[in-house]
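Trainee: Take a look at this one; I'll ask things after.
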Amino acid sequence: MNGSLGIAFGARGSGNTKAHYEPAQVVINLTKKKGAGSLAHEWWHALDNFFGKLEGQPLGYISERYSSKEIRKEVFEAYKNIVKVLHKNMFERSAKIDNTRSKDYCSTTREMTARGFEAYIIAKAKMKGFANDYLANILTEQEYRDVEAYPYPYESEMKEVVEAYDNLFSILKTKETEKGITFYQ
């Protein structure tokens with residue numbers, strides 16, 4: 001992200017969250033005691049916001065947009081396909097969780113795509129014989145207390161989810177700049 005993304009450890013914020021991404025500051029904050037396992041989720045927010053900024057939306061996320069003028073068509077379509085796949089597979093379960101909240105959170109596109117990315121990272125690592133609880137650490141559907149409200153893709157849905165994220169990452173382009181490496185159109 002052209003050297004712009006920062007990571008803070010237990011230095012920014014308080015409360016019950018494990019981690020958060022700050023689009024205005026372009027920084028991921030991981031809490032000291034609970035942040036492990038959240039890095040992939042927050043990195044996805046940073047990537048999503050990076051492309052939102054290219055659209056002239058400094059605090060926006062490309063996954064939440066319905067059209068694009070600045071993003072290559074195939075990149076935007078890959079994002080839309082991720083949203084479509086996750087909405088089809090996770091929306092009803094995520095909405096069930098939101099029924100217990102005062103404001104929608106789990107069923108928002110931004111959060112579903114970040115949770116889908118967590119599951120994707122775990123699946124891709126597993127395919128290569130690795131596991132990394134620091135990048136992503138989620139309960140399996142068998143471990144979750146209410147499988148009907150499981151906020152991640154079911155194992156049976158992962159093939160389609162992996163294909164959707166793989167498609168996006170296969171068409172992204174990067175280039176080296178004076179500041180670092182950036183995605184470009």
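Trainee: Per DSSP H run of n ≥ 4, the term is -39500 (n - 2.57); total these for the chain, divide by its residue number, and report the mean residue ellipticity at 222 nm rounded to 500 deg cm²/dmol.
Mentor: Calculated at 222 nm, the ellipticity per residue is -14000 deg cm²/dmol.
Trainee: Grab segment 76-185 and count how many Lys pairs have their alpha-carbon atoms under 19 Å apart, sequence gap of 8 or more, or different chains.
Mentor: So the count works out to 10.
Trainee: Keeping every protein chain present and rolling a 1.4 Å probe, give me the accessible area per residue for segment 123-167 in Å².
Mentor: Ligands and nucleic acids excluded, the figure is 67 Å² per residue.
Trainee: For the chain, set up a GNM with springs between Cα atoms under 10 Å and report which of L172, L86, L135 has the largest fluctuation.
Mentor: Residue with maximal mean-square fluctuation among L172, L86, L135: L172.
Trainee: Cα extents of segment 65-108 along the three principal axes, largest first, in whole Å?
Mentor: 38, 20, 9
Trainee: Same structure, new question: Please give the FRET efficiency for K69 paired with N99, using the beta carbon to beta carbon distance and R0 = 22 Å, rounded to the nearest 0.05. Each step should come with its number before you reach the end.
Mentor: Values: r = 36 Å, r/R0 = 1.64.
So the FRET efficiency works out to roughly 0.05.
Trainee: Quick one: Cα convex hull volume of segment 142-185, Å³ per residue?
Mentor: In segment 142-185, the Cα hull volume divided by residue count equals 120 Å³.
Trainee: Specify the residue with the greatest mean-square fluctuation among F76, F130, F51, computed from a Gaussian network of the chain linking alpha-carbon atoms under 10 Å apart.
Mentor: F130
Trainee: Averaging over all projection directions, find the projected area of the Cα convex hull of segment 96-185 and quote it in nm² with one decimal place.
Mentor: Result: 8.3 nm².
Trainee: With an 8 Å cut-off on Cα pairs and a minimum separation of 6 or more residues, tell me the relative contact order of the chain in percent. Don't skip to the answer; put the middle values down first.
Mentor: Values: 279 pairs, mean separation 43.3, N = 185.
It comes to 23 percent, rounded to a whole number.
Trainee: Right, here's the next one. For the chain, modelled as a GNM with alpha-carbon contacts under 10 angstrom, which of I71, I28, I82 fluctuates the most?
Mentor: Comparing I71, I28, I82 in the GNM, the peak value goes to I71.
Trainee: Here is a further query. Among L86, L168, Y120, which residue has its Cα positioned farthest towards the positive end of the charge dipole of segment 57-185, with +1 placed on the Cβ of Lys and Arg, -1 on the Cβ of Asp and Glu, and the dipole taken about the Cα centre?
Mentor: Working it through, the farthest residue towards the positive pole turns out to be L168.
Trainee: What is the set of long-range amide H partners of A8 at a cut-off below 5 Å, with H atoms built 1.01 Å from backbone N?
Mentor: Distant-sequence amide H within range of A8: I28, N29, L30.
Trainee: Still on this structure, I have one more. Return the sequence-ordered ³J(HN,Hα) values of segment 167-178 in whole Hz as given by the Karplus equation 6.51 cos²θ - 1.76 cosθ + 1.60 applied to θ = phi - 60°, using x for Gly and Pro.
Mentor: Computed from phi, the couplings for segment 167-178 are 4, 4, 5, 6, 10, 5, 10, 10, 8, 7, 10, 5 Hz.
Trainee: What fraction of the Cα pairs in the chain, stated in percent, has a spacing above 20 angstrom?
Mentor: Summing the P(r) tail past 20 Å for the chain gives 56 percent.
Trainee: So, one more: Going by a ≥ b ≥ c, the root eigenvalues of the Cα gyration tensor, does segment 121-171 fall in the rounded group (a/c under 1.5), the prolate group (a/b larger than b/c) or the oblate group?
Mentor: oblate
The values are calculated or read from the model by the stated rules, or taken from the named source; none is laboratory data. Note that the coordinates shown come from a computational prediction; the quantities given were computed from them, not determined experimentally. Please note: Cβ atoms are built from the backbone with ideal geometry, for glycine as well, and neighbour counts cover all protein chains shown. To get the accessible areas, we keep the full protein, side chains included, count just its heavy atoms, and leave off ligands, DNA and RNA. Shrake-Rupley method; radii C 1.70, N 1.55, O 1.52, S 1.80 Å.
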